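Data first, discussion second: the structure below is written as C-alpha cells.
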Number of protein chains: 2
Amino acid sequence: MVSLMLDERSKQILYAIIESYIDKPEPVGSRFVTKKYPFGFSSATIRNIMADLEEFGFLSQPHTSAGRIPTDKGYRFYVDSISGTDINKGFVRERMDKASYLHYDDSLGDMVCQFTKKLGRIKNDMNAMFSEVINTLSSMSNYVSVALPPKTEKTTFNRIDLIRYKDNKAVAILLTNEGVIKNKVLKIDASLAQEDINSIADYLNSEYAGHTLDEIRGSLVKRMKQEKLLWDEVIAKAIKICEQALLFTSEDIFVSGLYDVINLPDFSNILRIKQIAKAIKDKHLILRLLDEFSDAEGVQVLIGSEHHYEELNGLSVVASPYKEGDRPMGVIALIGPTRMNYPKAIYMVDRIAKCISKTLSD
Amino acid sequence: MVSLMLDERSKQILYAIIESYIDKPEPVGSRFVTKKYPFGFSSATIRNIMADLEEFGFLSQPHTSAGRIPTDKGYRFYVDSISGTDINKGFVRERMDKASYLHYDDSLGDMVCQFTKKLGRIKNDMNAMFSEVINTLSSMSNYVSVALPPKTEKTTFNRIDLIRYKDNKAVAILLTNEGVIKNKVLKIDASLAQEDINSIADYLNSEYAGHTLDEIRGSLVKRMKQEKLLWDEVIAKAIKICEQALLFTSEDIFVSGLYDVINLPDFSNILRIKQIAKAIKDKHLILRLLDEFSDAEGVQVLIGSEHHYEELNGLSVVASPYKEGDRPMGVIALIGPTRMNYPKAIYMVDRIAKCISKTLSD
DNA sequence: ATTAGCACTCTAAGCTTGAGAGTGCTAATA
DNA sequence: TATTAGCACTCTCAAGCTTAGAGTGCTAAT
C-alpha cells in the first residue's frame, strides 16, 4: 500500500489540497493552504511538501507558476484512505464535509430517509423504482446517475460457445435473442481438451437454449440441490456468466442527471459536454462498464483513466451492485468528473444500493 | 396572407437565403447569392432586394457589414409557403433538398419504410413503440424528438371544477390522482349561471370520479349513443378536456436526441446547450407545450418566439398529433434551433405521425 | 430597371504588453 | 536539522491595438 510512504503531515496536506480542489476547481497554491488550512507552517514549508507530493505523483502543475491540482493517482490514494474505513463512521463524513459547502446533516440524511420510504411504496413497479433511484442519486450528487435494473423477463438464452485459449483459459461467447452480449475469459482446468469443453457447452445449450432467465434460475436451483457434487466448476462458472449476462440488456439502462452535470465547472468546455453526452447516448458503453461491477462486493471506484474506455476519459465512476438476498441483481453508479466529491459519492451509492437490496430482499 | 406582398423574384431570393442559411449557418451576402443561385442579376440588384426583404422584417443583419440571416418572421413566411401545399408533393421535397446536402431519396424514404415495418411488429408494446419513434425521428433529423404516448391506464379522474370567467367563458380545473394537470378556458353559453355550471361539474364528478380513462371512455361511448340529444355542449367540452388531460402525464414523455442536437453549430454556445438540456430535463414544460398541439389537425410549427415559453426561446417546434381512428391519442414533435430544416422536419413528423395513426387504428 | 464602382463600417484574428500569482532556490535562523 | 524569509524567475490572462477581409449602401452611369 502506497500510504506507508507518506507521513501524517504530508497526508493532511494532500487531503487539504484535494478537498479544496474538489470544492473549487482552481489550482491550489502554497500560500492558500497556509491560510485556509492553518497547519502552522509557512508557505515555504508547504511548498517543499507539495514538491514532494508532486514527485510521488499525487499532484501536478498545470503550468510552472500555477498551484497544484490532484492527479488520478492522488485521488486514488485519497479514495483508498476512505475505503479502508467504515463508510458510516465519522471519517468519511468529515472528509465529505470538508470537500463541500453542503454539509451532511443539511440534506443527505433527510433525502435518504424519504427515498427509503418511497421505495417501499413502489417496490412492485420496477420502472418507477429505478426512476426514483436515479433521480434521487443525480439530484443529490449533481453527477450522472445510472442504474442497471434486474432483467428477468423477455431476454432468452440462445447458446454459449466455449473456446480454449492459452494454457488454462477459455473464452465464453454468449448469444441471446438480442445478439452477443458477453464475451468473457474463464479459467479452466488445464487438462480439459477442446472436446471436453465442447461437451460442456453442448450440455448447457441443450439444457437451457430458448429459456428465459427466470426459467433457467428455477431449474438451476433444483439441479444444484439434486446433483450438488456432480457439478463441474467450469459449468458452474459458465452458468454464472450466462446469468449475469442475461440480467442486463442495453434497452433498459436508467440514466439521469446530464443537465446537472453539465452545470459543473468541469464541463465548461464544450468538448467535454459532448463527450459525456455521447457516453450517455451510447448506452451499451455504460452497460459494459457497469457490467464489470456486477459481481463485485460493495462500492467500487474507478478514477479517470483507470478504466479502459477511451470515451469516458477523464470521468470517474462510483458503483455498487445491489442484491436480492445473496444474488447480485444489478448495479447502480454515479459518473462524474475526476474531480468528484468521492466521499459523498461513495457514501450515497453505498446507502442507496443497500436500500435497494433491502427493499428487494423483503 | 403576407405572401401577397412579395413578387416571385423576391420570394425566390428569400427562399435561397433561408435555405443557404439552414444548410450552413453563416450570414448570406449578396455576392454569394449571385454565385450559388444564379438568378441572372448582379449583386447590386440582389442587394436592393435584400434591403427590401429586411424592411419587410424577413431578414436581418448581425452587424452592418455582414450578410443577412432570416428572422423568425422570415422563417414563418417560408413555412407558410410550404404548409399551403401538399406535403407529399414535389414542392416540399424540392425545398428540403435545397436546404440540405442529404437528399430525400438517399435515406429518408428507406428509413421511413423500415420504421413502418418495425412499428407493425412491436405495436403491442407501447414502450418499445415510442422508443422506436423517437429514435427514428431524432436520428433522421438530428433534432430532439419528443413523443407523448397515449396514457389510458393508471391515472384516474378525481374531480373537475368549472368557474365562470368573463362573459361567456369558464375555467376548467381538472384534478387527477397525480395533481392538477389541466387548466383551460372554455366558451360557454352566456346565459348559464354559476349554479348551472356547478351542477354540470357535479354531474361529471359524481359520474366519473375515481375512474380511469379507459373506463370513462367505455361509459362515454355508451351514453352518447343512448342520450344523444340530451348532451349539453358544455358537458361534452368538459369531458373532452378531461379526456385530453388524462391522456398525458409527465412521467412518460419520451425524449431523445440531445446528443445529436448539441453537435449542431447552433449549439456551439454553452449557454444554449444548457438551455436545451434544461428544457429536456423539465419534462413538464415540454408536456405543456405539446399538450397545446394535442387537438390540432396535422403538422403544426412554432418558430422561435412564437410560443410563450421563455425557456425555449430560440427553439422551434414541429409537432403533429396522432390518432386512433378519429380520436387524438398523443403528439410527436421535433424540437430544434430556429434555423431548422423545416421542410424536412415537417415531412418527417407528418409521415411518422401518420404511420403511428395507421398502426394504432388497425 | 439595372449595374459598376467606391467609400465606409464592422468583425475577427493576431500581436504586444503588464499585472498578478505562484514557484524554486538560497541563505539565514531556531 | 527543520524551518523560513526573501527574491528572481516563469507563466497566464486580460486589455488594448492593429489590420485584412467581407459586405454593405449609395451614386452615377448605362
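Chains A and B together bury roughly 1300 Å² of accessible surface, counting both sides and using a 1.4 Å probe on protein heavy atoms. A Förster radius of 60 Å, combined with the Cβ-Cβ distance separating A:Lys89 from A:Ile163, puts the computed FRET efficiency at roughly 0.80. Extension gain, A:Ser100 to A:His308: 0.36 nm times the residue separation minus the Cα-Cα distance gives 72.0 nm. Classify segment B:1-78 as rounded, prolate or oblate, taking a ≥ b ≥ c as the square roots of the eigenvalues of its Cα gyration tensor: rounded when a/c is under 1.5, otherwise prolate if a/b is larger than b/c and oblate if not. In terms of gyration-tensor shape, rounded. Comment: the Cα-to-Cβ extended label point of B:Ser83, at 7 Å, lies 5.8 nm from its counterparts in the other copies, nearest first. Each peptide among A:291-297, B:260-266, B:137-143 gets the average number of other Cβ atoms lying within 10 Å of its residues, and from highest to lowest they stand as B:137-143, B:260-266, A:291-297. Solvent-accessible area of A:Arg31, all protein chains in place: 150 Å² (probe radius 1.4 Å, heavy atoms, ligands and nucleic acids excluded).
Take A:Glu324, push a point 7 Å out from Cα through the beta-carbon direction, and compare it with the same point in every other copy: 3.1 nm, smallest first.
Taking 0.36 nm per residue of separation and subtracting the Cα-Cα distance, full extension of the segment from B:Glu324 to B:Lys278 would add 13.4 nm. Please report how far the C-alpha centroid of segment A:262-333 lies from that of segment B:75-148, rounded to the nearest whole angstrom. If you average the Cα positions of each part, the centres end up 33 Å apart.
Other residues whose C-beta falls under 11 angstrom from the C-beta of B:Ser316 contribute a net charge of -1, scoring Lys and Arg +1 and Asp and Glu -1. Neighbouring Cβ atoms from other chains, within 10 Å of the Cβ of residues in B:291-301, number 0 on average. Inter-copy label distances at B:Glu306, shortest first and taken from points set 7 Å along Cα to Cβ: 5.3 nm. Mean per-residue shielding of peptide A:253-263 is 3, counting Cβ atoms of other chains within 10 Å of each Cβ. Placing B:Glu132, A:Glu94, B:Glu19, A:Glu8 in order of accessible area, with the largest value first and a 1.4 Å probe, yields A:Glu8, A:Glu94, B:Glu132, B:Glu19. Pairs from the table (A:Lys283/B:Lys281; A:Lys278/B:Lys118; A:Lys11/A:Lys35; A:Lys323/B:Lys281; A:Lys24/A:Lys283; B:Lys117/B:Lys358) lying more than 20 angstrom apart at Cα are A:Lys278/B:Lys118; A:Lys323/B:Lys281; A:Lys24/A:Lys283.
Ordered by 1.4 Å accessible area with all protein chains kept, A:Leu302, A:Leu204 run largest first as A:Leu302, A:Leu204. Mean separation of Cα pairs under 8 Å and 6 or more residues apart, divided by the residue count, gives segment A:2-87 a relative contact order of 30 percent.
Counting only other chains, what is the mean number of Cβ atoms within 10 angstrom of the Cβ of each residue in peptide A:268-274?
On the way: counts 1, 1, 6, 0, 0, 7, 5.
Average per residue, whole number: 3.
Extension gain for A:Asp125-A:Ala51 works out to 21.2 nm (0.36 nm per residue, less the C-alpha to C-alpha distance).
The values are calculated or read from the model by the stated rules, or taken from the named source; none is laboratory data. None of these values were measured; they are calculated from a predicted model. Note that each Cβ is placed from the backbone with ideal geometry, even for glycine, and that neighbours are counted across all protein chains shown. What goes into the accessible areas is simple: the full protein's heavy atoms, side chains included, and nothing from ligands, DNA or RNA. Shrake-Rupley method; radii C 1.70, N 1.55, O 1.52, S 1.80 Å.
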